[in-house]
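S.K.: Here you go, one structure.
The values are calculated or read from the model by the stated rules, or taken from the named source; none is laboratory data. The structure displayed is predicted, hence computed values, not measured ones. FYI the Cβ positions are ideal-geometry reconstructions off the backbone, even for glycines, and counts take in every protein chain you see. Remember, those area values only see protein heavy atoms, side chains included, never the ligands or the DNA or RNA. Shrake-Rupley method; radii C 1.70, N 1.55, O 1.52, S 1.80 Å.
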Amino acid sequence: MSGGHGDFAEFAARKAAAADAAVLPQLRTLINRAACLGLVPIGDAWCYERFDGPFWTSPAADRPAISIVFVQSRDGNTVTEDPSSLGAGDTDMHLIYEGLSRVAVDGVAVGSRTLHTESFFSVWRRELVDARTARGLPRHPAQIVLAREGQVDIENTRLFNVRGVPVYVLTSRAGRERLARPLNVRPWVRAIVADGPGALNDQLDELFSLGQHSISCVGGRVAASSLVDAGFARDLYLTTSPRDGGAPHTPWYAGNTHRPLDRVLAKSWEDVEGVVRFEHFVLRPSA
(Lines give C-alpha, C1' and ligand atoms only; values in the text may rest on other atoms or scores of the structure.)
Protein backbone atom coordinates (compact mmCIF):
# COMPACT_ATOMS: atom_id res chain seq x y z
CA MET A 1 0.00 0.00 0.00
CA SER A 2 1.06 3.60 -0.38
CA GLY A 3 2.27 5.25 2.80
CA GLY A 4 2.57 8.64 1.16
CA HIS A 5 1.02 11.94 2.16
CA GLY A 6 -1.58 11.95 -0.63
CA ASP A 7 -2.87 8.52 0.30
CA PHE A 8 -3.28 9.48 3.95
CA ALA A 9 -4.93 12.79 3.06
CA GLU A 10 -7.61 10.93 1.10
CA PHE A 11 -8.11 8.46 3.96
CA ALA A 12 -8.39 11.27 6.53
CA ALA A 13 -10.84 13.22 4.37
CA ARG A 14 -13.03 10.14 4.03
CA LYS A 15 -12.98 9.49 7.79
CA ALA A 16 -13.76 13.13 8.59
CA ALA A 17 -16.63 13.27 6.10
CA ALA A 18 -18.26 10.18 7.61
CA ALA A 19 -17.85 11.52 11.15
CA ASP A 20 -19.19 14.98 10.30
CA ALA A 21 -22.21 13.52 8.49
CA ALA A 22 -23.27 11.36 11.44
CA VAL A 23 -26.42 12.45 13.26
CA LEU A 24 -25.63 12.30 16.97
CA PRO A 25 -28.59 12.28 19.37
CA GLN A 26 -28.09 13.75 22.82
CA LEU A 27 -27.33 11.09 25.42
CA ARG A 28 -29.40 10.70 28.57
CA THR A 29 -27.65 10.27 31.93
CA LEU A 30 -28.85 7.38 34.08
CA ILE A 31 -26.06 7.27 36.70
CA ASN A 32 -23.33 9.80 37.50
CA ARG A 33 -20.89 9.19 40.37
CA ALA A 34 -17.88 10.95 38.83
CA ALA A 35 -17.71 13.67 41.47
CA CYS A 36 -17.02 11.04 44.15
CA LEU A 37 -14.02 9.45 42.41
CA GLY A 38 -11.45 12.21 41.75
CA LEU A 39 -11.68 12.00 37.96
CA VAL A 40 -10.72 14.58 35.33
CA PRO A 41 -13.47 16.04 33.09
CA ILE A 42 -12.95 16.06 29.31
CA GLY A 43 -14.70 18.10 26.67
CA ASP A 44 -16.07 21.54 25.88
CA ALA A 45 -19.57 23.02 25.58
CA TRP A 46 -20.36 21.07 22.40
CA CYS A 47 -19.16 17.79 23.95
CA TYR A 48 -21.12 18.42 27.15
CA GLU A 49 -24.29 19.05 25.18
CA ARG A 50 -24.04 15.88 23.09
CA PHE A 51 -22.81 13.65 25.93
CA ASP A 52 -25.10 15.22 28.55
CA GLY A 53 -22.18 16.36 30.71
CA PRO A 54 -18.41 15.79 30.85
CA PHE A 55 -16.62 12.68 29.72
CA TRP A 56 -14.31 11.55 32.55
CA THR A 57 -10.91 9.90 32.87
CA SER A 58 -8.50 8.92 35.61
CA PRO A 59 -5.48 11.22 36.06
CA ALA A 60 -1.97 9.98 35.32
CA ALA A 61 0.56 10.08 38.15
CA ASP A 62 3.99 8.47 37.68
CA ARG A 63 2.84 5.84 35.17
CA PRO A 64 0.51 5.83 32.18
CA ALA A 65 -3.21 6.02 32.87
CA ILE A 66 -4.73 3.53 30.43
CA SER A 67 -8.37 3.34 29.45
CA ILE A 68 -9.95 0.30 27.80
CA VAL A 69 -12.61 0.91 25.13
CA PHE A 70 -14.97 -1.86 24.02
CA VAL A 71 -18.28 -2.43 22.30
CA GLN A 72 -20.16 -5.56 23.28
CA SER A 73 -23.28 -7.19 21.94
CA ARG A 74 -26.37 -7.49 24.11
CA ASP A 75 -25.24 -11.02 25.05
CA GLY A 76 -21.79 -9.80 26.10
CA ASN A 77 -19.53 -10.69 23.14
CA THR A 78 -16.78 -8.44 21.78
CA VAL A 79 -15.02 -10.48 19.07
CA THR A 80 -16.17 -10.14 15.47
CA GLU A 81 -14.64 -9.71 12.02
CA ASP A 82 -16.84 -6.63 11.51
CA PRO A 83 -17.20 -4.42 14.63
CA SER A 84 -20.19 -2.60 13.11
CA SER A 85 -22.07 -5.91 13.19
CA LEU A 86 -22.25 -5.63 16.98
CA GLY A 87 -24.85 -2.91 16.45
CA ALA A 88 -23.75 0.05 18.59
CA GLY A 89 -24.26 2.47 15.69
CA ASP A 90 -22.88 5.82 14.58
CA THR A 91 -23.17 7.58 17.93
CA ASP A 92 -20.85 5.14 19.63
CA MET A 93 -18.44 5.14 16.69
CA HIS A 94 -18.15 8.89 16.14
CA LEU A 95 -18.88 10.40 19.58
CA ILE A 96 -17.26 7.86 21.92
CA TYR A 97 -14.98 5.32 20.20
CA GLU A 98 -13.34 7.70 17.69
CA GLY A 99 -14.18 10.76 19.74
CA LEU A 100 -14.37 11.49 23.45
CA SER A 101 -12.31 8.47 24.49
CA ARG A 102 -9.40 9.88 22.38
CA VAL A 103 -9.79 13.65 22.78
CA ALA A 104 -7.34 13.86 25.70
CA VAL A 105 -5.00 10.91 25.10
CA ASP A 106 -1.36 10.94 24.07
CA GLY A 107 -1.58 7.56 22.33
CA VAL A 108 -3.90 4.78 21.20
CA ALA A 109 -2.79 1.19 21.86
CA VAL A 110 -3.84 -1.94 20.01
CA GLY A 111 -2.84 -5.58 19.92
CA SER A 112 -1.14 -6.83 16.77
CA ARG A 113 -3.88 -9.37 16.05
CA THR A 114 -6.48 -6.59 15.86
CA LEU A 115 -4.65 -4.66 13.12
CA HIS A 116 -5.75 -4.61 9.49
CA THR A 117 -4.30 -2.76 6.51
CA GLU A 118 -6.42 0.38 7.03
CA SER A 119 -5.78 0.67 10.79
CA PHE A 120 -5.05 4.20 12.00
CA PHE A 121 -6.51 5.49 15.25
CA SER A 122 -7.50 9.12 15.67
CA VAL A 123 -10.31 11.65 16.20
CA TRP A 124 -12.23 12.70 13.10
CA ARG A 125 -15.35 14.77 13.79
CA ARG A 126 -14.62 18.49 13.51
CA GLU A 127 -15.96 19.51 16.93
CA LEU A 128 -13.98 16.75 18.65
CA VAL A 129 -10.82 17.61 16.71
CA ASP A 130 -11.28 21.18 17.97
CA ALA A 131 -11.63 19.91 21.55
CA ARG A 132 -8.40 17.94 21.20
CA THR A 133 -6.54 20.86 19.63
CA ALA A 134 -7.71 23.16 22.45
CA ARG A 135 -5.86 20.91 24.89
CA GLY A 136 -2.59 21.58 23.06
CA LEU A 137 -2.29 17.99 21.84
CA PRO A 138 -1.02 16.86 18.41
CA ARG A 139 -3.66 16.41 15.72
CA HIS A 140 -3.26 12.61 15.86
CA PRO A 141 -2.39 10.48 18.89
CA ALA A 142 0.71 8.32 18.79
CA GLN A 143 0.04 4.76 17.60
CA ILE A 144 1.10 2.01 20.04
CA VAL A 145 1.18 -1.63 18.94
CA LEU A 146 1.60 -4.58 21.32
CA ALA A 147 3.50 -7.13 19.21
CA ARG A 148 5.60 -9.31 21.48
CA GLU A 149 6.68 -11.69 18.69
CA GLY A 150 6.92 -8.99 16.03
CA GLN A 151 4.10 -10.48 14.00
CA VAL A 152 2.95 -7.30 12.25
CA ASP A 153 2.94 -6.27 8.61
CA ILE A 154 4.64 -2.89 8.79
CA GLU A 155 4.89 -2.46 5.03
CA ASN A 156 1.15 -2.80 4.42
CA THR A 157 -0.51 -1.41 7.56
CA ARG A 158 -1.46 2.25 7.37
CA LEU A 159 -0.54 3.37 10.88
CA PHE A 160 3.14 2.50 10.35
CA ASN A 161 3.31 4.61 7.20
CA VAL A 162 2.16 8.09 8.18
CA ARG A 163 5.27 10.21 8.52
CA GLY A 164 5.07 12.61 11.42
CA VAL A 165 2.84 10.42 13.60
CA PRO A 166 5.03 8.50 16.07
CA VAL A 167 4.53 4.77 16.40
CA TYR A 168 5.77 2.63 19.29
CA VAL A 169 6.02 -1.14 18.89
CA LEU A 170 6.17 -3.00 22.19
CA THR A 171 8.08 -6.16 21.37
CA SER A 172 10.76 -8.61 22.42
CA ARG A 173 14.36 -8.82 21.23
CA ALA A 174 13.36 -11.59 18.84
CA GLY A 175 10.46 -9.47 17.60
CA ARG A 176 12.76 -6.49 17.03
CA GLU A 177 15.09 -8.66 14.97
CA ARG A 178 12.17 -9.92 12.91
CA LEU A 179 11.10 -6.33 12.17
CA ALA A 180 14.59 -4.90 11.66
CA ARG A 181 14.35 -4.17 7.94
CA PRO A 182 11.04 -2.20 7.87
CA LEU A 183 11.88 -0.41 11.12
CA ASN A 184 15.27 0.73 9.89
CA VAL A 185 13.72 2.78 7.08
CA ARG A 186 10.97 4.32 9.26
CA PRO A 187 12.60 6.57 11.87
CA TRP A 188 9.17 7.61 13.21
CA VAL A 189 8.51 3.98 14.23
CA ARG A 190 10.33 3.00 17.42
CA ALA A 191 10.63 -0.47 18.95
CA ILE A 192 10.43 -0.59 22.75
CA VAL A 193 12.13 -3.84 23.60
CA ALA A 194 11.88 -5.87 26.80
CA ASP A 195 11.82 -9.54 27.75
CA GLY A 196 10.89 -11.50 30.82
CA PRO A 197 7.93 -11.50 33.23
CA GLY A 198 8.03 -7.73 33.79
CA ALA A 199 8.48 -6.78 30.13
CA LEU A 200 5.15 -4.99 29.72
CA ASN A 201 5.70 -2.96 32.90
CA ASP A 202 9.14 -1.88 31.69
CA GLN A 203 7.78 -0.94 28.28
CA LEU A 204 4.94 1.13 29.71
CA ASP A 205 7.34 2.90 32.06
CA GLU A 206 9.46 3.81 29.02
CA LEU A 207 6.37 5.04 27.18
CA PHE A 208 5.60 7.30 30.13
CA SER A 209 9.11 8.75 29.96
CA LEU A 210 8.48 9.47 26.26
CA GLY A 211 5.40 11.56 27.08
CA GLN A 212 2.74 8.87 26.73
CA HIS A 213 0.91 9.69 29.96
CA SER A 214 -2.66 8.93 28.88
CA ILE A 215 -3.35 5.97 26.58
CA SER A 216 -6.54 4.54 25.11
CA CYS A 217 -6.50 0.80 24.39
CA VAL A 218 -8.95 -0.26 21.69
CA GLY A 219 -8.38 -4.03 21.81
CA GLY A 220 -8.29 -6.80 21.22
CA ARG A 221 -9.36 -8.49 24.38
CA VAL A 222 -6.02 -10.30 24.94
CA ALA A 223 -4.02 -7.06 24.68
CA ALA A 224 -6.51 -5.20 26.88
CA SER A 225 -6.49 -7.97 29.47
CA SER A 226 -2.70 -7.91 29.63
CA LEU A 227 -2.86 -4.21 30.52
CA VAL A 228 -5.47 -4.93 33.18
CA ASP A 229 -3.37 -7.73 34.65
CA ALA A 230 -0.26 -5.52 34.68
CA GLY A 231 -2.19 -3.00 36.78
CA PHE A 232 -2.06 -0.13 34.29
CA ALA A 233 -5.70 -0.07 33.17
CA ARG A 234 -7.65 2.54 35.10
CA ASP A 235 -10.89 3.10 33.18
CA LEU A 236 -13.23 0.88 31.18
CA TYR A 237 -15.53 2.50 28.62
CA LEU A 238 -18.08 -0.13 27.63
CA THR A 239 -20.91 0.30 25.12
CA THR A 240 -23.63 -2.36 24.97
CA SER A 241 -25.70 -2.63 21.82
CA PRO A 242 -29.34 -3.77 21.58
CA ARG A 243 -28.34 -6.69 19.31
CA ASP A 244 -27.03 -10.18 20.08
CA GLY A 245 -23.96 -11.19 18.08
CA GLY A 246 -20.22 -11.66 17.95
CA ALA A 247 -18.24 -14.82 18.61
CA PRO A 248 -19.83 -16.67 21.56
CA HIS A 249 -18.20 -16.45 24.99
CA THR A 250 -15.91 -13.50 24.19
CA PRO A 251 -16.34 -10.92 26.96
CA TRP A 252 -13.98 -7.95 26.92
CA TYR A 253 -11.78 -9.38 29.69
CA ALA A 254 -9.80 -12.61 29.09
CA GLY A 255 -7.31 -12.48 31.96
CA ASN A 256 -6.86 -14.01 35.39
CA THR A 257 -6.78 -11.04 37.77
CA HIS A 258 -9.87 -9.97 39.67
CA ARG A 259 -10.18 -6.18 39.34
CA PRO A 260 -13.38 -4.90 40.98
CA LEU A 261 -15.27 -2.34 38.90
CA ASP A 262 -16.80 0.86 40.25
CA ARG A 263 -19.48 2.27 37.94
CA VAL A 264 -18.89 5.97 37.26
CA LEU A 265 -21.45 6.70 34.55
CA ALA A 266 -24.34 5.04 32.79
CA LYS A 267 -25.92 6.75 29.79
CA SER A 268 -28.24 5.69 27.01
CA TRP A 269 -29.56 6.81 23.67
CA GLU A 270 -32.04 5.57 21.09
CA ASP A 271 -30.56 4.01 17.97
CA VAL A 272 -32.30 2.53 14.95
CA GLU A 273 -32.34 -0.95 16.53
CA GLY A 274 -33.20 0.09 20.08
CA VAL A 275 -31.60 1.53 23.18
CA VAL A 276 -27.78 1.60 23.35
CA ARG A 277 -26.14 1.84 26.78
CA PHE A 278 -22.75 3.36 27.61
CA GLU A 279 -21.04 2.70 30.94
CA HIS A 280 -17.80 4.00 32.43
CA PHE A 281 -16.15 1.93 35.15
CA VAL A 282 -13.05 2.59 37.23
CA LEU A 283 -10.92 -0.52 37.78
CA ARG A 284 -9.92 -0.80 41.42
CA PRO A 285 -6.69 -2.57 42.45
CA SER A 286 -7.09 -6.33 42.76
CA ALA A 287 -7.83 -7.69 46.20
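S.K.: At 1.4 Å probe size, put Y48, Y253 in order of accessible surface, largest to smallest.
M.R.: Y48, Y253
S.K.: Based on Cβ point charges of +1 for Lys and Arg and -1 for Asp and Glu, what charge dipole magnitude is obtained for the chain about its Cα centre, in debye rounded to the nearest 20?
M.R.: So the magnitude is around 480 debye.
S.K.: Would you mind listing how long the chain runs along its three principal axes, going by Cα atoms, in whole Å with the largest first?
M.R.: Projected onto its principal axes, the Cα set of the chain covers 51, 49, 39 Å.
S.K.: Calculate, for V185 and H249, the FRET efficiency according to 1/(1 + (r/R0)^6) with r their C-beta to C-beta distance and R0 41 Å; round to the nearest 0.05.
M.R.: 0.45
S.K.: Heavy atoms of the protein only, probe of 1.4 Å, neighbouring chains included. What is the accessible area of S67 in Å², nearest 10?
M.R.: Near enough 10 Å² of accessible area.
S.K.: In the range 28-124, if the dipole is taken from +1 on Lys/Arg beta carbons and -1 on Asp/Glu beta carbons about the Cα centre, which of A109, W46, A60 is farthest to the positive end?
M.R.: Value: A60.
S.K.: Counting pairs of alpha carbon atoms under 8 Å apart in space and at least six apart in sequence, what relative contact order in percent does the chain give? Present the calculation step by step, with values, prior to reporting the outcome.
M.R.: Values: 595 pairs, mean separation 79.3, N = 287.
Value for the chain: 28 percent.
S.K.: Using a 1.4 Å probe on the protein chains only, how many percent of the accessible area of the range 134-248 belongs to carbon and sulfur?
M.R.: Carbon with sulfur: 49 percent of the solvent-accessible area.
S.K.: In the neighborhood of V103, defined by Cβ-to-Cβ distances under 11 Å, what is the net charge if each Lys or Arg adds +1 and each Asp or Glu adds -1?
M.R.: Working: positive: R102, R125, R132, R135; negative: D44, E98, E127, D130.
That works out to 0.
S.K.: Can you pull the one-decimal nm distance between simple spin-label points at D202 and V222, each 7 Å off the Cα toward Cβ?
M.R.: Label-label distance for D202 and V222, simple model: 2.2 nm.
S.K.: How many angstrom lie between the C-alpha centres of the range 204-248 and the range 118-174?
M.R.: Between the Cα centre of the range 204-248 and that of the range 118-174, the gap is 15 Å.
S.K.: Treating the beta-carbon of each Lys and Arg as +1 and of each Asp and Glu as -1, no other charges, what is the dipole magnitude of the range 93-248 about its Cα centre, to the nearest 20 debye?
M.R.: 400
S.K.: Could you do me a favour and compute the accessible area per residue for the chain, 1.4 Å probe, result in Å²? Could the numbers behind the result be given before it?
M.R.: Numbers: 12550 Å² over 287 residues.
Here the residues of the chain average 44 Å² of exposed surface.
S.K.: Quick one: order E177, E279 from most to least accessible surface, probe 1.4 Å. Spell out each step's value before the answer.
M.R.: Numbers: E177 140, E279 20 Å².
Largest accessible area first, the residues go E177, E279.
S.K.: At 18 angstrom or more along the helix axis (alpha-carbon based) and mean Kyte-Doolittle of -1.0 or higher, what helices does the chain contain? Whole DSSP H runs only.
M.R.: Those that clear 18 Å and a mean of -1.0 are 5-21.
S.K.: Now for a separate question. Indicate, rounded to the nearest 5 percent, the antiparallel portion of the DSSP beta bridges found entirely in the chain.
M.R.: On the way: 23 of 51 bridges.
In the chain, approximately 45 percent of DSSP beta bridges are antiparallel ones.
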